[in-house]
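Engineer: Below is a structure I'd like to ask you about.
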Amino acid sequence: MTSVADHEEQALEPGAPAPVAPGAADPFDRDVLPAPKNAQLALLRSLLGPHRARVWTAAVLLLIQQAAVQAGPLLVAYAIDHAIPQVRHGRHGALIAVAVGYLGCGLASGILQRGFIRVAARVSQDVLIDLRGRIFRHAQSLSLDFHERYTSGRLIARATSDVEAIRELLTDGLEELVGVVLSAVYITALLMFLDWKLGLATLVSYVPLYWAIRVFQRRSMVAYRKRSTAIAAVIVKFTETMNGIRPVKAFRREEPNDEAFAALNHRHERANGDAILEMARYVVGSRLIANVTIAAIVLWGAYRVAGDTMALGVLAAFVLYLRRLYDPIDRLGMFLNSYQSAAASLEKIAGLLAQAPAVPDPAHPVPLPERTGGIPGREVAFEDVRFAYRTGGEVLPRFDLRLPAGQTVAVVGATGAGKSTLAKLLARFYDPTSGRVTLDGVELRDLAQADLRRGVVMVTQEAFLFSGTVADNIAIGRPDATREEVEAAAKAIGAHDFITALPDGYDTDVRKRGGRISAGQRQLVAFARALLADPAVLILDEATSSLDIPGERAVQHAMATVLTGRTAVIIAHRLSTVEIADRVLVMQGGRIIEDGTPAELVAGDGHFAGLHQAWRDSLV
């Protein structure tokens, strides 16, 4: 039974995705997706939280290691001012003790650094494994709406180049940063201990160094954001071109694609060059500050040594510490380099992980009732359903429909009539803007995803197959199925003969997108997959539109097997497919304008009768 009501203004249901206003910029057009404030910090905390103990262990190891490293110049100062003068009086004990202490500090530093590297490497690898897994799992959990707006190339960039930038920071940059910071703290304290006047003079140089770092950090952040966006654009173009290689070849798009790719490559080159120039400016400026400071302190210290107001060993230690203080400046720049790149990447990953599924699992799932009537099908109902895509107008103004369990319904109509939208709502690729879709009285929103996927299966025109064996692709319908059950499903569909004729039978690798077998064979495998899943409701979205007549007949035979006893919705352009339906719905503008059996509608004078007559005339 079908009823169609006039359009009524209704508010969006709570939690429904906000539509994009006509003419407004879609936030998904940007490389960085919107995210809550401090999303990056929250992501870092969640990644490092499980490894807190090892992080503290690494910090303690580095703390002690730096203490061992910075003891060296102090021992040199003691040797010059005390141990060596004692040698002239025949006392060698102090010099031997200094030498042993220096060697001991070097040995301890190496052992501690090795321990730090092992612990830090374990933490960084675990964090990266966790992060890649999160990106993959989260991308799979996001709704079809997200994947239709955010390209696969960008997702690949998040999981590859962006994760790689974070890897460089974790494996090399953090050790460099913590080492430089600890070194600066230790050295500053030791300089003040050795000679507070020269120590204060050294502190003065920190002011221009601080501003040099701040300016570099601010300017390089902009440069690295541009570089990260540019490399993502290169990856997107490469991925889309390779995925669409058939139309590229068909329309001879190689040369225009080369030009477009070259432009993106040059854009990346310019962005990379800007980042390198910022690094060069920072290194030159910081080196100038360091060299001027060292020269001034050495001159002042030499003057004081000459005046016997400062010990020579203290000046020697001071110079050694100053070299250790300023030498890491270049490495600090490299760290800031890695940090800016990683920060830009972390911003993008945090934005991706902040996206919530538009069709989330319910907090308290409702189980489906036990099947009744001895058939596998279930009743489907659309109740006061309205739907609009985020980036477009309303597709279904107000829609009511009830499909009895076990009924096969064909839905026909012009392109844009709302047929595929109806199928996507039933498969819960989207949720209605308002109203509800139910399965045996249970709203789809209240079903756990696992129950929904067992209850409703969709076979599309593309019949996508994954790289792997034929058996593996059929078993996607029920991963725990035995080999005998897989083969039984293929036999029931009529696919067994062509499968066994393949080089390795059911173990034949179908390769990328199933390119090793024909379109009709891929469709048969898809039907075998659906039969094995044993769904209550089956949706066929133009499943025969790309097939020739023999292929269509083979698939129609398979359809008859799969549909037996199940509730089925067939989205069809070819009217030959409609003949197996119990009921036909004709849609126009998101509404049902005709509803009846194929015979009733053919016998009438409505829209379907005209379509049917035009189809028959085309066969003559």
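The values are calculated or read from the model by the stated rules, or taken from the named source; none is laboratory data. All values reported here derive from a predicted model rather than from experimental measurement. When we count neighbours, we look across all protein chains shown, and the Cβ atoms used for this are built from the backbone with ideal geometry, even at glycine. Just so you know, the surface numbers come from the protein's heavy atoms only, side chains and all, with ligands and any DNA or RNA stripped out. Shrake-Rupley method; radii C 1.70, N 1.55, O 1.52, S 1.80 Å.
Engineer: Does Gly416 satisfy the criteria of being surrounded by fewer than 17 Cβ atoms within 10 Å (Cβ to Cβ), closer than 20 Å to Val586 by Cα and out of contact with any helix residue (DSSP H, G or I) (no Cβ under 9 Å at 6 or more places or on another chain)?
Structural biologist: yes
Engineer: Within segment 374-412, how many residues turn out to be open to solvent by less than 10 Å² (accessible area, probe 1.4 Å) and in a loop (DSSP other than H, G, I, E, B)?
Structural biologist: Within segment 374-412, residues that are open to solvent by less than 10 Å² (accessible area, probe 1.4 Å) and in a loop (DSSP other than H, G, I, E, B) number 1.
Engineer: Report, by residue number, each residue of segment 234-279 that is within 28 Å of Val215 (Cβ to Cβ) and either without any contact (Cβ under 8 Å) to a residue 40 or more places away in the chain or open to solvent by 70 Å² or more (accessible area, probe 1.4 Å) (or both). Working first, answer last.
Structural biologist: At the first step, the residues of segment 234-279 found to be within 28 Å of Val215 (Cβ to Cβ) are 266-279.
Result: His266, Arg267, Glu269, Arg270, Gly273, Asp274, Ile276, Leu277.
Engineer: Please work out if Ser109 is under 29 Å from Ser46 (Cβ atoms), among the small types (Gly, Ala, Ser), buried (at least 16 other Cβ atoms within 10 Å of the Cβ) and touching a residue at least 12 places away in the same chain (Cβ under 8 Å).
Structural biologist: The answer is no for Ser109.
Engineer: Follow-up question, since we're still on this one. Can you pull out the helices (runs of 4 or more DSSP H) entirely within segment 450-516 that have at least 2 residues that are under 15 Å from Ala530 (Cα atoms), free of Cβ contacts under 8 Å to residues at least 40 places away in the same chain and open to solvent by 50 Å² or more (accessible area, probe 1.4 Å)?
Structural biologist: Answer list for segment 450-516: 483-493.
Engineer: Kindly indicate the residue of segment 280-334 that is open to solvent by 50 Å² or more (accessible area, probe 1.4 Å) and among the basic types (Lys, Arg) and also modelled with the lowest pLDDT among those meeting that condition.
Structural biologist: Arg331
Engineer: Say whether the condition of being surrounded by fewer than 19 Cβ atoms within 10 Å (Cβ to Cβ), touching a residue at least 40 places away in the same chain (Cβ under 8 Å) and under 25 Å from Leu322 (Cα atoms) is met by at least one residue in segment 122-129.
Structural biologist: Looking through segment 122-129, none of the residues is surrounded by fewer than 19 Cβ atoms within 10 Å (Cβ to Cβ), touching a residue at least 40 places away in the same chain (Cβ under 8 Å) and under 25 Å from Leu322 (Cα atoms).
Engineer: I'm checking my understanding of the structure. Among residues of segment 557-573 that are small (Gly, Ala, Ser) and open to solvent by less than 40 Å² (accessible area, probe 1.4 Å), which one is modelled with the highest pLDDT?
Structural biologist: Within segment 557-573, the match that is modelled with the highest pLDDT is Ala568.
Engineer: Under 6 Å by Cβ, and 6 or more places apart or on different chains, what pairs join a residue from segment 574-597 that is open to solvent by less than 20 Å² (accessible area, probe 1.4 Å) with one that is assigned to a strand (DSSP E or B) and among the charged types (D, E, K, R)?
Structural biologist: Leu585/Asp595; Val586/Glu594
Engineer: Listed residues Leu452, Leu403, Leu439; which is at pLDDT below 90 and of a type in the set (A, V, I, L, M)?
Structural biologist: Leu452
Engineer: Another question about this same structure. Mind checking which residues of segment 122-158 are hydroxyl-bearing (Ser, Thr, Tyr) and in a helix (DSSP H, G or I)?
Structural biologist: Ser124, Ser141, Ser152
Engineer: Out of all the residues in segment 561-598, which are charged (D, E, K, R) and in a loop (DSSP other than H, G, I, E, B)?
Structural biologist: First, the residues of segment 561-598 that are charged (D, E, K, R): 566, 574, 579, 582-583, 591, 594-595.
Within segment 561-598, Arg566, Arg574, Glu579, Asp582 meet the criteria.
Engineer: Note down all Cβ pairs under 8 Å where the first residue falls in segment 80-99 and is surrounded by 14 or more Cβ atoms within 10 Å (Cβ to Cβ), the second is polar (S, T, N, Q) and not in a loop (DSSP other than H, G, I, E, B), and they're at least six residues apart or on different chains.
Structural biologist: Ala94/Gln86; Leu95/Gln86
Engineer: Within segment 345-364, is there a residue that is within 36 Å of the chain's Cα centre (by Cα), surrounded by 22 or more Cβ atoms within 10 Å (Cβ to Cβ) and among the polar types (S, T, N, Q)?
Structural biologist: yes
Engineer: When the residues of segment 313-372 are narrowed to those that are small (Gly, Ala, Ser) and outside any helix (DSSP H, G or I), which ends up nearest to Leu299 (Cα to Cα)?
Structural biologist: The selected residue is Ala354.
Engineer: Another question about this same structure. Can you confirm whether Phe216 is assigned to a helix (DSSP H, G or I), modelled with pLDDT of 85 or more and aromatic (Phe, Trp, Tyr)?
Structural biologist: no
Engineer: Which is touching a His at 6+ places or on another chain (Cβ under 9 Å), acidic (Asp, Glu) and at pLDDT 85 or above, of Asp162, Asp126, Asp130?
Structural biologist: Asp126
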